[in-house]
Amino acid sequence: MVLENLAGFEGLRQHWRRIFVFGFFVNTVSLVVASVIFEPASGLVSLFLVSAVAFPLVNKMFESEENLDVSGGEGFFQRHAEILKIYSAFFFGVLLSTAIAYFAMDTAHANNTFNFQLSALKNSAISDRATGATFSTSTFNAVLANNIKVAVVSFLLSIIFGAAAVFIITWNASVIAVFIGILTKAAATPFIGFGILAAPLAFLYGFITAVGSIALHGTPEIMSYFVAALAGGIISVGLEREKISSPRFRKVAKDGITLFALAILLIFIAASIEAY
């Protein structure tokens, strides 16, 4: 993969800022390519392109994590903190790129490009949370069920297809980015008289407002997807490289199951915050 080779796996792994730039650049290029060739569904096709580029990189990271699990040495959280940081940097790179793209387009074009993300937003609690809607036990159950479903799918996809769960992570980044883009567009009017600073100020204000409205519950929710994908990923590599009956695989499986349990705990925390 040309982009992966240009970026350099070891360089990316050791410097999360490069992962952020990598995610931002790859997503921007993918949006441009998809809008030129696959315009009716460019907002969705671009996610497949981003995932295809990130797939080999994430697979290498899973292999590295499996090696750490087998060799032991560091503590549990120390072993996996680095890849979670890398996932987060990639996620925010994609998110920022998508949010800027939505903000830069005229509303009709943006809504056409990201129609799948907009449909997902209509069926989510993000917008209601931002506007201060009332929540209840039924809301908690609905949010909990949906988030567990996403985590389980991420976990299973990672076991079966390795790094394929990166698509779900990228999808969630794009949905949140479109929500942010909507608020940044809404924030533009008060800044009209600021000349060339109007657009960046409107985007910054809208971005801070949007992130602030979802950060409390969004942080553990998104982290749960990262952790679930990591859990499945290291089990997948373990199944490929180790004998199932071996002590080495048992160590890998133990870490994977522990990580998945942690993902479910994060989902309960996120759902409680979001619903109440």
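Some observations on this one:
- Looking only at the range 178-198, and only at residues there that are surrounded by 14 or more Cβ atoms within 10 Å (Cβ to Cβ) and over 25 Å from Phe91 (Cβ atoms), the one that is nearest to the chain's Cα centre (by Cα): Ala188
- Whether a residue is surrounded by 21 or more Cβ atoms within 10 Å (Cβ to Cβ), at pLDDT 90 or above and of a type in the set (A, V, I, L, M, F, W, C) was assessed, and Val143 does not pass this test.
- Sub-8 Å Cβ pairs linking a first residue in the range 265-276 that is under 17 Å from Val211 (Cα atoms) to a second residue that is modelled with pLDDT under 85 and basic (Lys, Arg), at least 6 apart or interchain, are Glu274/Arg129, ordered by first then second residue.
- Pairs, first touching a residue at least 40 places away in the same chain (Cβ under 8 Å) in the range 209-228, second surrounded by 23 or more Cβ atoms within 10 Å (Cβ to Cβ) and of a type in the set (Asp, Glu), C-beta under 6 Å, six or more apart: His217/Glu274
- Members of the range 233-262 that are in a loop (DSSP other than H, G, I, E, B) and touching a residue at least 24 places away in the same chain (Cβ under 8 Å): Glu242
- Flag for Gly238 being in contact with a Ser or Thr (Cβ under 8 Å, 6 or more places away or on another chain) and of a type in the set (Gly, Ala, Ser): no
- Listed by first and then second residue, the pairs linking a residue in the range 83-99 that is in contact (Cβ under 8 Å) with a residue 24 or more places away in the chain and within 19 Å of Gly181 (Cα to Cα) to a residue that is buried (at least 23 other Cβ atoms within 10 Å of the Cβ) and among the hydroxyl-bearing types (Ser, Thr, Tyr), with Cβ atoms under 7 Å apart and 6 or more places separating them unless they lie on different chains, are Val94/Thr170; Val94/Ser174; Thr98/Ser174; Ala99/Thr184.
- Residue in the range 199-208 that is surrounded by 21 or more Cβ atoms within 10 Å (Cβ to Cβ), more than 11 Å from Ala229 (Cα to Cα) and within 13 Å of the chain's Cα centre (by Cα) present: no
- Among residues that are more than 24 Å from Phe116 (Cβ to Cβ), under 21 Å from the mean Cα position of the chain (by Cα) and buried (at least 18 other Cβ atoms within 10 Å of the Cβ), Val166 is not included.
- Among the residues of the range 98-134, the ones that are surrounded by fewer than 17 Cβ atoms within 10 Å (Cβ to Cβ) and at pLDDT below 70 come to 9 in all.
- Phe249 being surrounded by fewer than 21 Cβ atoms within 10 Å (Cβ to Cβ), hydrophobic (A, V, I, L, M, F, W, C), within 23 Å of Leu96 (Cβ to Cβ) and modelled with pLDDT under 85: no
- Selected residue (criterion: farthest from Leu95 (Cα to Cα)) from residues of the range 27-41 that are in contact (Cβ under 8 Å) with a residue 60 or more places away in the chain and surrounded by 22 or more Cβ atoms within 10 Å (Cβ to Cβ): Leu31
- Filtered residues of the range 9-38 (kept if at pLDDT below 80 and in contact with a helix residue (DSSP H, G or I) (Cβ under 8 Å, 6 or more places away or on another chain)): Phe9, Gly11, Leu12, Arg13, Trp16, Arg17
The values are calculated or read from the model by the stated rules, or taken from the named source; none is laboratory data. Small disclaimer: the values here were computed from a predicted structure and weren't measured. Glycine also receives a Cβ, built like all others from the backbone with ideal geometry; neighbour counts cover every protein chain displayed.
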